[in-house]
Amino acid sequence: MTKGNHLGDVYGTTLERIKAQKGSRSRLGTEALMWVSNSERPLKDSELCHALGVNIGSTDLDVENVPTIRTLIGCSLGLITVEASSSIVRLVHFTLQEYLSSNPGLFQSPHSMIAEVCLTYLNFRCVRELSPTLVSAPPTVPFVEYASCYWGKHTGKEKTESVTQLALQLLVRYEEHIASRLLLLHYYEYRYYWQNPNDKKFMPKGFTGLHGAAFHGIGEIVPALLATGGWSINERDNMGRTALSWAAIRGHEDVVKSLLQQKDIDPNAEDTEYGRRTPLSWAAGRGYEGVVRMLLDRADINPNTADTFYGRTPLSWAAEGGHEGAVRMLLDRADINPNIADTFYGRTPLSWAAEDGHEGAVRMLLDRADINPNTADTEYGRTPLLWAAKQGHEGVVGMLTYGTGIPLVTGIPLDAKSLPHFENKSPQKTKKNISAYSNLHDASLKRMSAEFKGSEYPGSTEVLPA
């Protein structure tokens, strides 16, 4: 608490008064606070009202059971408020959030309770009958959007058998449900915001319950879904992705494990659109070490398989992201080739790691005897050293300088190949770039010489001058 025990005492006393209210007022006041303090995003007043109007076990929405926002504010004794401009419900002060977070025992299993409400709402008859092509929920069921996008988040934090069964009930008809449509629109909104929402990638057809379980991370449901016999384990959605691909993208280890246990699984199935990457490529590029480990443990995985769009290997993606754990696991494979350049830019994993200044990944790559640190890309003709220096990564410049056999002299020679990378329409700017490049190298030499004076720098065959 930011203001000591006084505010805590006030909040504690108010909560006791909320719980002491008669009838449904105690439940409504307590649950309103639970929802506002534990939701994945701020809720609008209509969403909160509908959430608190759900009767667990019911099969359809009873509008008579939906409380008004005025009732909820009254039941919470003023601890929640509504922004007039946005209709968003918030706690009365940020210190209340701190108080509630520091007292988790105030609400019993809040996330499983929220997940159960979300799934019950999505399984309502009036929601199931909505067209799966709608781009937004109708005003009669305002809680559909939140429930569709976040039930998996809450389930991932707390699971119960009841939640699992409700999820299974939803997922068996997922590709015909508005929930999958709204989820895809939400997921791709910031990635493809310029595209038509009626593009096929946003359509639920093909995004099956198996894909949904993989997306949300509900691994224990996978065998039950496969037992229905309705889908192939390697079936692709409208993005050309398999369930295993989605699980790898999202980093859901339990789903990956469950899918890999199925005898017909194809662990190398690449997306057919938008990247054309394998599950290993996605997991390595996002640094999901547990998923990478499970995939590499299989004998039928080829760690050098490049995607067919950019032509980049899993090691290339992991190196660019600086995901040292994934880089290490890939380099530990006896059949790894660390020098494979992508077909789009002609850049090696070392080139990508050097440009972004990922010293750990660069060090691991340079520690190998089979790394060629002087390989220039085919698009710009830049070596890893040029990329690192251009971006101002002094540490990487130092490692590459001593690891490549470049003479230990002041400045880096600017020949006909290196000069164009620093040229600018302005002669003054060009001079400044070249000067910065040279100064950076000089600083690297001085720092490294002081640090490793008289000793051998890792990855180099040269001894620094005393």
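The values are calculated or read from the model by the stated rules, or taken from the named source; none is laboratory data. For clarity, every value in this text was computed on a predicted model and none was experimentally measured. For neighbour counting, all protein chains shown are included, and Cβ atoms are generated from backbone atoms with ideal geometry for every residue, glycine included. Note: accessible area is taken over every heavy atom of the protein model, side chains too, but ligands, DNA and RNA are not part of it. Shrake-Rupley method; radii C 1.70, N 1.55, O 1.52, S 1.80 Å.
Taken per residue, the accessible surface of the stretch 305-362 reaches 34 Å², heavy atoms only and a 1.4 Å probe. A Cβ-based charge dipole, computed about the Cα centre of the stretch 297-359 with Lys and Arg at +1 and Asp and Glu at -1, lands at about 140 debye. Averaged per residue, the stretch 1-106 has 52 square angstrom of accessible surface, using a 1.4 angstrom probe with ligands and nucleic acids left out. Centre-to-centre separation between the Cα atoms of the stretch 73-152 and those of the stretch 7-33: 18 Å. In the stretch 98-148 the Cα-Cα distances spread across 5 Å bins starting at 0 as 4, 18, 24, 16, 11, 11, 8, 6, 2 percent of all pairs.
Scanning residues 5 or more positions from F207 or on other chains, those with amide H under 5 Å from its amide H are N238, with H placed 1.01 Å from N in the peptide plane. Rolling a 1.4 Å probe over the protein heavy atoms of the stretch 254-373, with every protein chain left in place, gives an accessible area that is 44 percent carbon and sulfur.
Across the stretch 164-170, rounded Karplus estimates of 3J(HN,Hα) from the backbone phi angles (6.51 cos²θ - 1.76 cosθ + 1.60, θ = phi - 60°) give 4, 5, 5, 5, 4, 4, 6 Hz, Gly and Pro being marked x.
In the stretch 46-195, the portion of solvent-accessible area held by carbon and sulfur atoms comes to 53 percent [1.4 Å probe, whole percent, DNA, RNA and ligands not counted]. When the alpha carbon coordinates of the stretch 274-398 are projected onto the principal axes, the ranges are 38, 26, 24 Å, largest first.
Computed over the stretch 1-111, the quotient of the alpha carbon radius of gyration and 2.2 N^0.38 Å is 1.06.
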